Amino acid sequence: MWANHSVMAFTRWLRDYNRQSDDRSGRVAFYGLDIYNLYGSIEAVLDYLWRIDPPAAQAASRAYACLKPWSSDPSIYSKVMKSGRHRGCAEQVSAVLNELRSKQASYQQAGNHYPQQRYFNALQSARMAKNAERYYRTMYDDATDSWNQRDENMFATLLAILQHHGRSSKAVIWAHNSHLGDSRATDRSERGEINLGQRVRERFADSAYLIGFGTDHGTVAAASAWGGPMRVMQVPPSHKDSYGYLFHQVTADNFLLPLRRSAMRTPLQQLTREKLQQVRLQRAIGTTYDPDDELNKHYSSVSLSRQFDEFIWFDETRAVKPLDIDSK
């Protein structure tokens, strides 16, 4: 999902922007928050340790080897754990994280280029590996909410990044509407689900600004099932009971819709905000998409003006263009 021309253009812009800054503190960093890249996190930890502490790298490599049998599909790990045929790898991945933490003082002084940043990256990767192990271990456990695990991990990572960069630091988070919009304004809350947007609002109040995106029709790059091949699919027009259908009636193809309560709003803006508190359907298309069963799989009930502080509408959208990885 990241190997596309839009992300490549952004990272190139970011590189050029940072090159123009003489002050390192004024540069912008680019981090990942989600939990899925278990083996990428492991590789990042091992790469760091091989450069700075080979004996520790050997020990970490032995610990992480516990997870190697499921490298092709980590979700199988949960099925094996549920069957009782394996005792799991929680102890091993936790040991690597604890070892990194115990050597913080020495590691943060080692190396020639930005040792504190390199240590922070490795520590976060080790923490991510620990959380990802738990996520995959309990994925099919009915008593564990894997959704909440993901979003709690995203929030914890965000707090760690902000703390690392100092009190004056700010973050712009790109994520799916279902992660960024306040879950208390959706039917997810009825199932006991929280999300990153809710946690951010609870922690930062009006210092946070939640922005959602929507579209009526167009194309999307997604898979028919989890782990399936990506293909470009047609997005049909919005359901008649949805916010998308309502916004499609607006004559402008694209618009910004301020939703936050404010004394600065005009009476018309305040009225609009009140009207958009009404619960309607909202479409959510992620990495998987089934346009033939949209209503059951991809719509939820939300109160838009409680969910977001602003909404950006594109009446028609087109799928991201993937990079040709083999030719790079």
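Residue under question is Val96, and the condition is that it be assigned to a helix (DSSP H, G or I), among the β-branched types (Val, Ile, Thr), at pLDDT 95 or above and under 22 Å from the mean Cα position of the chain (by Cα); does it hold?
Details: assigned to a helix (DSSP H, G or I): yes; among the β-branched types (Val, Ile, Thr): yes; at pLDDT 95 or above: yes; under 22 Å from the mean Cα position of the chain (by Cα): no.
Judged against the criteria, Val96 is not a match.
Considering (1) more than 17 Å from Ile211 (Cα to Cα); (2) in contact (Cβ under 8 Å) with a residue 12 or more places away in the chain; (3) hydrophobic (A, V, I, L, M, F, W, C); (4) outside any helix (DSSP H, G or I), the lone condition that Leu295 does not fulfil carries the number (4).
For the range 1-32, the set of residues classified as over 17 Å from Val172 (Cβ atoms), open to solvent by 50 Å² or more (accessible area, probe 1.4 Å) and assigned to a loop (DSSP other than H, G, I, E, B) consists of Met1, Gln20, Asp22, Asp23, listed by residue number. The listed residues are Ala29, Ala60, and the only one of them that is of a type outside the set (S, T, N, Q) and modelled with pLDDT of 95 or more turns out to be Ala60.
Residues in the range 166-188 that are part of a helix (DSSP H, G or I) and open to solvent by 50 Å² or more (accessible area, probe 1.4 Å) were compared, and the one that is modelled with the lowest pLDDT is Arg188.
One residue stands out in the range 128-144 among those that are touching a residue at least 12 places away in the same chain (Cβ under 8 Å) and open to solvent by 30 Å² or more (accessible area, probe 1.4 Å): the one that is nearest to Tyr77 (Cα to Cα), namely Arg137. Ser238 meets each of the listed conditions (1) in a loop (DSSP other than H, G, I, E, B); (2) among the polar types (S, T, N, Q); (3) closer than 18 Å to Asp182 by Cβ apart from (3). Whether a residue is open to solvent by 60 Å² or more (accessible area, probe 1.4 Å), closer than 24 Å to Arg150 by Cβ and not polar (S, T, N, Q) was assessed, and Ile35 does not pass this test.
Screening the range 199-235 for residues that are part of a loop (DSSP other than H, G, I, E, B) and either in contact with a Phe, Trp or Tyr (Cβ under 8 Å, 6 or more places away or on another chain) or at pLDDT below 95 (or both) and picking the one that is surrounded by the most Cβ atoms within 10 Å (Cβ to Cβ) gives Leu210. Of the residues in the range 245-258, none is open to solvent by less than 60 Å² (accessible area, probe 1.4 Å), in contact with a helix residue (DSSP H, G or I) (Cβ under 6 Å, 6 or more places away or on another chain), aliphatic (A, V, I, L, M) and under 21 Å from Thr186 (Cβ atoms).
State all residues of the range 67-91 that are closer than 24 Å to Phe120 by Cα and either aliphatic (A, V, I, L, M) or surrounded by fewer than 19 Cβ atoms within 10 Å (Cβ to Cβ) (or both); if no residue qualifies, say none. Write out each step before concluding.
So in the range 67-91, the residues closer than 24 Å to Phe120 by Cα come out as 67, 89-91.
If the condition is that a residue be closer than 24 Å to Phe120 by Cα and either aliphatic (A, V, I, L, M) or surrounded by fewer than 19 Cβ atoms within 10 Å (Cβ to Cβ) (or both), then Leu67, Ala90, Glu91 are the ones that fit.
Residues in the range 63-79 that are outside any loop (DSSP other than H, G, I, E, B) and either in contact (Cβ under 8 Å) with a residue 12 or more places away in the chain or within 12 Å of Tyr39 (Cα to Cα) (or both): Ala63, Tyr64, Ala65, Cys66, Leu67, Lys68, Pro69, Trp70, Ser75, Tyr77, Ser78, Lys79. Take the conditions touching a residue at least 12 places away in the same chain (Cβ under 8 Å), open to solvent by 90 Å² or more (accessible area, probe 1.4 Å) and not aliphatic (A, V, I, L, M) and apply them to Asp241. Does it pass? Criteria not met by Asp241.
The values are calculated or read from the model by the stated rules, or taken from the named source; none is laboratory data. All of these numbers come straight from a predicted model, not from anything done at the bench. Because the Cβ atoms are built from the backbone with ideal geometry, glycine has one as well, and the counts that use them run over all protein chains shown. What goes into the accessible areas is simple: the full protein's heavy atoms, side chains included, and nothing from ligands, DNA or RNA. Shrake-Rupley method; radii C 1.70, N 1.55, O 1.52, S 1.80 Å.
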